Amino acid sequence: MADRAVSLLVAPIVDMAIKKALSLINEEFHAIYGVKKDIEKLQGTLRTIKNVLKDAEERQLTNLSLKDWLEKLEDAAYDTEDVLDAFSTEVHLWNRNQGQPPSSCPGDPKPCPPNWFFVDSTTVVGREDDKNKMVELLLSGDLDKEGEISVIPIIGMGGLGKTTLAQLVYNDERVKECFEFRMWVSVNVDFDLSRILKDIIEYHTEMKYDLNLSLSLLESRFLEFLAGKKFLLVLDNVWNDDYMKWEPLKNILKQGGRGSKVLITSRTSKVSAIMGTQDPYMLDSLPEEKCWSLFQKIAFEQCNLSSERRGELESIGLLRGNDDVGKWQMILRNDIWDAEGDNPRIIPALKLSYDQLSSHLKQCYAFCSIFPKAYIFDKKELVKFWVAEGFIQESGQETGTECFDKLLMRSFFQVLNVDNKVRYRMHDLIHDLARQVSRPYCCQVEDANISDPFNFRHASLLCKDVEQPLIKLINASKRLRTLLFHKENLKDLKLQALDNMFHTMTYIRVLDLSSSTILELPQSIEKLKLLRYLDLSKTEIRRLPDSLCNLYNLQTLKLLGCLWLFELPRDLRKLINLQHLELDDMFWHKITRLPPGMGKLTSLQNLHAFHTGSEKGFGIEELKDMVYLAGTLHISKLENAVNAREAKLNQKESLDKLVLEWSNRDADPEDQAAEETVLEDLQPHSNVKELQICHYRGTRLPVWMRDGLLQKLVTVSLKHCTKCKVLSLGRLPHLRQLCIKGMQELEDWPEVEFPSLDTLKISNCPKLRKLHSFFPILRVLNIKKCDSLRALAVTPSLMFLILVNNPVLEDWQEISGTVLNSLNQPIGQMHSYQHLLELKIICCPKLPALPRTFAPQKLEISGCELLTALPVPELSQRLQHLELDACQDGKLVEAIPATSSLYSLVISNISNITSLPILPHLPGLKALYIRNCKDLVSLSQKAAPLQDLTFLKLLSIQSCPELVSLPAEGLSITLECLMIGSCLNLESLGPVDVLKRLTSLKDLYIEDCPKLKCLPEKGVPTSLEHLVIQGCPY
């Protein structure tokens, strides 16, 4: 097996050449007059070759001369396809220039959603005992000590199932009950403390954090969430054997509660010696009978593989689904078991798995060898590559997706979760096999020394300095079809080098110039007549040359992150085979005019914005034949639309989101009827899931909305439809989000069931008098500037409520009831707001009180003069954030309940008080903000008001002009951050040692305090990391 099985890639190339020859024969163009017989002869020769390939394929392992013949045949097949492809392109270009453009290739529908695979304990064989032993180690408290952290390593060679075992343990119900919090971090080779802490915090909070957060802030956040808490942390795939890197993380983890555990997985015992506090759990290979059990599961059952099931068992698993005994006997007799390979890692079973693939799947798989090991694949992007290379001939994206799924099912790919997105990678052994079977046509260039570049057809430059390798490729690899660059290496490509490349590599199909320093493309880009995929993303290119529009075969043009690109070439309509035009949302927002004749791009799948014009080539009828548009379509300037029915939106079945927008202007009364007709004619396909209508001036919604014809709608937004008086939406069973904004004349909303409505946002509807009476599963409700609304709806599932500037709102519609089971027996009480977690009320002066029964986590109140009471302590035990603003005489401040859960308190704009009321016992308070209290002289009526806040970490005092001094008794010694600003009369921070005693203080900010002459005499603590003083002239 020293040489690859060449014929396995010859057959599909010959097939494609035959199809191209047949296509040219069928096209009766004058341009091919006189060569038709030659093409027919070539087609006959190719068919003869194809007929002998099957026999040659079966005999190549034992016949070296046959193998040599097949290698030469593959070269010839590649060259034949290149010539025919180039000739076919010339024919089409000639015909187009004669004024008879050929019909474009059909696009393809929206790809199916990606499949998702989870680790299923039923598919794991032979690890039950290991799991139980590990669980016992985690649950055991024999070695637990206060102020220490137990670290248990799982050690074993790659592919044994360490991660799988850790997942089984992590998800065990006994473990879930034992630990208050559980977190999982994939460490890998780079043991970076900041990244690991950030991953821990993000996993715990389920929130993304800025990449540039300081280490001290990350430590502070970690301690804020997990200090004193019993947690389980899994550090997966650890390679670090440097104690100096491990010690800082260990010291932080030790701040957890007694009984906290860290479970690490690693291949090396050095990691265990450095990090482990208990003996490592050495994971052994499966016994032989378990291996056969696993083999049977994979080979004969439809089951999903975990990313950890590797090595030979996984390789054999590539053949699963074959339950024909005769086929297994044939595999056993295959000569490949006796063939010797030049790569001992490629076991014969892997090669057999490859042999079982169809010829087109072999091409698709072998192409992946040009990507580096551990490369993260995006399914859709990889399929675009395959289509561009011609591996996928019919139904494009849909067929390509099916091919990928077949390879995935056979474990040629593994599933990953990257930022909550489904991604894929190849196991190293699978990647090694791909490189072997694709030589010498696929190559990764890792340094300037390139061997035998003449035969390259697909190349990727992975070296940092690409200039010299690129020059060699330009000079030697004139038949190159693919050229990719590693995206992490900034490519300093000169214009002259690009021009040379374009004149030389005329057969190239895929070109990736993304992240390079190019500012422009040479006009010679038009020489790449076979180019199907061009990526210029993340470049500073200012404009695209007009000659780019001569790339007849171009299917994908990627321009993501091109911040200086403000327009598209005027002749873009010539790219009639373009399927994917990828630009950022920002581009579509800033562009004011598209090129004329966009309707010629009938294969295009993504046109995010279309600006309707009144001139020829810009009218809404351009959308007529663009039936493959998918995803989002935003049609603006609809006041220019004439005969809108010609857009045929009802035939665009792949659209998910449709935005219909008129310009914001004063409408003529005569235009209202016209706009109603336009909107009626723009009825979308029933598959649309999101609909947004903006600045519509008609007095009523269209029939297709009033009758609820769009049954799949999930989201509806009506913005600034200022003339509509009645909100008639019909019954929409799947509607989850409804947004109504700026409907100035809206008065009535007829009762219709919305059984799935989850989110309702209403803003600036001054004449709306009432809502629907009942929303059974509504979770989010925002109501702003509804001047006539007096009562809310009944919302028993509500969790998040925002009420802003509703001057007559007075009724919560609060009801209570008895919950019955299926036998009509009472099992408990139900209250309207019992699930409410967050409540924000601003300027609702008629609300007499808060709901009687609700226990919030977050509560913000501003400008509600009738509100004088807060939830009682019994209902405040999960209150975490409380903000009180513009409350007269501090009555609400006096009503703050005693609770240990409150960690953030904001007191602002409290007038007519000289000192804050005495705060209740708040042992969990970590952040206190006091601002804009213009009469405040003292922080509290009580001695040592802030020293009692024993866990306070942040104190911010802003814009309190009458405050003269901080408390004489000092501040809480746990403070880490102190911010004081715009306190115009502040003269003293307190006693001479007030800051020196703050041994945890890291950040001190003092701004615009003109009477503060100096810091306390004894200075600042040694813990201080950041000190900023501004606007203090003394």
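Bear in mind that the values in this text are calculations on the coordinates, not laboratory data. Computed from a predicted model, the values in this text were never measured in an experiment. Using ideal geometry, Cβ is built from the backbone for each residue, glycine included, and neighbour counts are taken over all protein chains shown.
One table, with the values for the structure above:
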read-out	value
Alpha-carbon centroid distance for the pair segment 829-866 / segment 951-1029, whole angstrom	35 Å
Cα→Cβ-extended label distance, 7 Å offset, between Thr999 and Ser614, nm	7.9 nm
Under 5 Å, built H, 5+ apart or other chain: amide partners of Phe485	Leu461, Asp512
Sites Arg665 and Lys245, calculated FRET efficiency, Cβ-Cβ separation with R0 56 Å, nearest 0.05	0.35
Over segment 127-282, volume per residue of the alpha carbon convex hull, in Å³	105 Å³
Restraint check, Lys719/Lys846; Lys384/Lys421; Lys145/Lys254; Lys379/Lys406, Cα-Cα greater than 20 Å	Lys719/Lys846
Cα pair distances of segment 441-584 binned at 10 Å [whole percent]	12, 45, 34, 8, 0
Along principal axes, Cα extents of segment 662-746, largest first, whole Å	36, 23, 20
Cα-projected label distance for Asp192 with Gln468, points at 7 Å along beta-carbon direction, nm	3.0 nm
Value in Å of the Kirkwood radius, where segment 892-1034 supplies the Cα pairs that are averaged	15.2 Å
GluC sites (Glu not before Pro) within segment 607-638: DSSP coil, no more than 12 neighbouring Cβ in 10 Å	Glu615
Packing-based exposure ordering (other Cβ within 10 Å, fewest first) of Ile576, Ile591	Ile591, Ile576
Protection proxy ranking of 126-133, 533-540 - average other beta-carbon atoms within 10 Å, highest first	533-540, 126-133
Likely footprinting exposure, Ser797, Ser636, fewest C-beta neighbours within 10 Å first	Ser797, Ser636
Karplus 3J(HN,Hα) series, Hz, for segment 413-430 with 6.51 cos²θ - 1.76 cosθ + 1.60 (x for Gly, Pro)	10, 10, 8, 10, 10, 10, 6, 6, 10, 7, 10, 9, 9, 9, 5, 4, 5, 5
Förster radius 25 Å - calculated FRET efficiency between Glu180 and Gln278, Cβ distance, rounded to 0.05	0.75
